[in-house]
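Participant: Below is the structure I would like to discuss, written out as structure tokens.
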Amino acid sequence: MKCTEFLAILDDVIDESIAAQTRAEIEVHLRKCGHCEVVLDTTRKTIEIYRCHEIYELPSEVSERLHNAIMERCKKAK
Amino acid sequence: MSTIQSVAGQDEQHPDVALVERVRAGDVSAYDTLVRKYERQLFRISQHITQNREDAEDVMQDAFLKAYEKLDQFQGNSKFYTWLVRIAVNESLMRLRKRRTGKMVSIDDDIVTEEGSMPRDFADWAPNPEQNYNQAELAEILKKTIQGLPEGFRLVFALRDVEGLSTEETAETLGLSVPAVKSRLLRARLQLRDRLTRYFKKKTPAVAPQVNGAEA
Ligand SMILES: [Zn+2]
């Protein structure tokens with residue numbers, strides 16, 4: 001397996017939708033290719049960081065205000 | 001935090017469906033439950049698209065109201081959440097168009113460039129690199145980084161990776177083909193990774209590390 005081949009299936013590797021045969025080839029490649037290993041590892045971390053950190057926080061008082069406004073408008077709509 | 005819904009079996013009814021039924025029968029309190037369940041996600045998605053807090057607040061309200069009014073059109077065979085997200089995405093795009101008068105906003109503009117499909121920086125990250133920044137700094141870095149992505153990439157990443165929609169759901173929501181979502185997702189992930197590497201890479205010490213206290 002070449003680096004370009006690995007990168008082409010990087011998403012499938014991350015999403016774990018890879019056939020066993022290919023997985024073995026990937027492991028062989030990663031053992032000898034530091035670059036691809038770093039790319040895989042840090043791409044996984046990138047996704048994880050965005051999943052774990054709320055960058056657009058909704059403070060509870062804002063949330064409450066919006067929630068009430070929504071329900072108010074819905075009740076009127078009926 | 002994002003809610004990643006487990007895929008319910010075909011014959012298993014999603015709890016949202018029962019709530020929707022109750023709303024249809026005139027029970028507004030059931031809608032209250034649905035709003036509470038998804039308001040954070042909808043707000044985040046609207047922020048990702050409009051990149052403006054006020055707009056996101058308006059969009060979130062409008063989307064829930066629209067969903068309420070159009071509830072009869074909701075087909076039980078698609079997930080209520082996905083249906084709701086689609087409404088919020090459309091409302092957000094409409095809001096964007098209003099702001100950028102004259103300039104068309106389209107997420108299905110074909111991005112022909114191959115740019116960003118190859119990683120450039122191969123430096124490894126420090127262990128737990130987030131810990132080198134305080135909460136506010138980290139939020140700023142993550143915000144700035146994702147806002148720098150082309151719109152079509154940013155949205156695919158936000159829906160698929162942050163909100164946990166499947167590739168198919170993301171495609172359906174954005175009106176894109178599955179291969180288009182896949183190609184954007186890969187580039188979004190790689191570009192974010194490259195940009196975050198600037199902040200998170202291992203610091204290579206300029207001088208040999210000193211033993212604690214060895215410095216006079
Ligand atoms: Zn490689």
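Participant: Output the lone cysteines of chain A: those with no second cysteine's C-beta under 4.7 Å from their C-beta.
Facilitator: A:3, A:52, A:74
Participant: Moving on. Before rounding to the nearest 500, sum -39500 (n - 2.57) across all DSSP H runs of length at least 4 in chain A and divide by the residue total; then give [θ] at 222 nm in deg cm²/dmol.
Facilitator: The helix contribution divided over chain A gives -24500 deg cm²/dmol.
Participant: Note down the nm distance, to one decimal, between modelled labels 7 Å out along Cα→Cβ at residue B:73 and at residue B:37.
Facilitator: Distance between the two pseudo-spin positions: 2.1 nm.
Participant: Check cross-link reach from residue A:76 to the aspartates and glutamates: straight Cα distance under 12 Å, and skip same-chain residues fewer than eight apart.
Facilitator: Candidates past the 8-residue exclusion: B:69.
Participant: Can I ask one more? Using the count of nearby Cβ atoms within 10 Å as a rough guide to exposure, how do B:130, B:163 rank from fewest to most?
Facilitator: Exposure proxy ranking, most exposed first: B:130, B:163.
Participant: Next up: Check which residues have an amide H placed less than 5 Å from residue B:125's amide H, if you skip close sequence neighbours.
Facilitator: When sequence neighbours closer than 5 places are left aside, the close amide H contacts are B:202.
Participant: Among the listed pairs B:79/B:201; B:143/B:203; A:45/B:37; A:2/B:144, give every one whose C-alpha distance is greater than 30 Å.
Facilitator: On the way: B:79/B:201 40 Å; B:143/B:203 23 Å; A:45/B:37 27 Å; A:2/B:144 33 Å.
Result: B:79/B:201; A:2/B:144 exceed 30 Å.
Participant: What are the ³J(HN,Hα) values, in whole Hz, obtained from phi via the Karplus relation 6.51 cos²θ - 1.76 cosθ + 1.60 with θ = phi - 60°, for each residue of the range B:191-203 in sequence order, with x given for Gly and Pro?
Facilitator: 5, 4, 4, 4, 5, 6, 4, 4, 8, 9, 6, 4, 7
Participant: Taking 51 Å as R0, compute the FRET efficiency from the Cβ-Cβ separation of residue B:99 and residue A:21 and round it to 0.05.
Facilitator: The formula returns an efficiency of 0.50 here.
Participant: Let me ask something additional. With θ set to phi - 60°, apply the Karplus curve 6.51 cos²θ - 1.76 cosθ + 1.60 along the range B:12-29 and write out the HN-Hα couplings as whole Hz, x wherever there is a Gly or Pro.
Facilitator: 8, 8, 5, x, 4, 4, 5, 5, 4, 4, 5, 4, 4, 7, x, 8, 5, 5
Participant: On to the next question. What's the local net charge at residue B:135, with K and R +1, D and E -1, over the other residues with C-beta under 13 Å away?
Facilitator: Values: positive: B:143; negative: A:54, A:57, B:130, B:137, B:140.
Spelling it out: positives minus negatives among the neighbours equals -4.
Participant: Dividing the convex hull volume of the alpha carbon atoms of the protein assembly as shown by its residue count, what do you get in Å³ per residue?
Facilitator: Spelled out: Cα convex hull of the protein assembly as shown, divided by residues, is 183 Å³.
Participant: May I ask for log10 I(q)/I(0) of the range B:15-99 at q = 0.13, 0.15, 0.21 Å⁻¹, from a Debye sum over the Cα atoms as equal point scatterers with solvent left out?
Facilitator: -0.39, -0.51, -0.91
All of the numbers you see were taken from the coordinates with simple rules; none came from a lab. The structure displayed is predicted, hence computed values, not measured ones. Cβ atoms come from the backbone with ideal geometry, glycine included; neighbour counts cover every protein chain shown.
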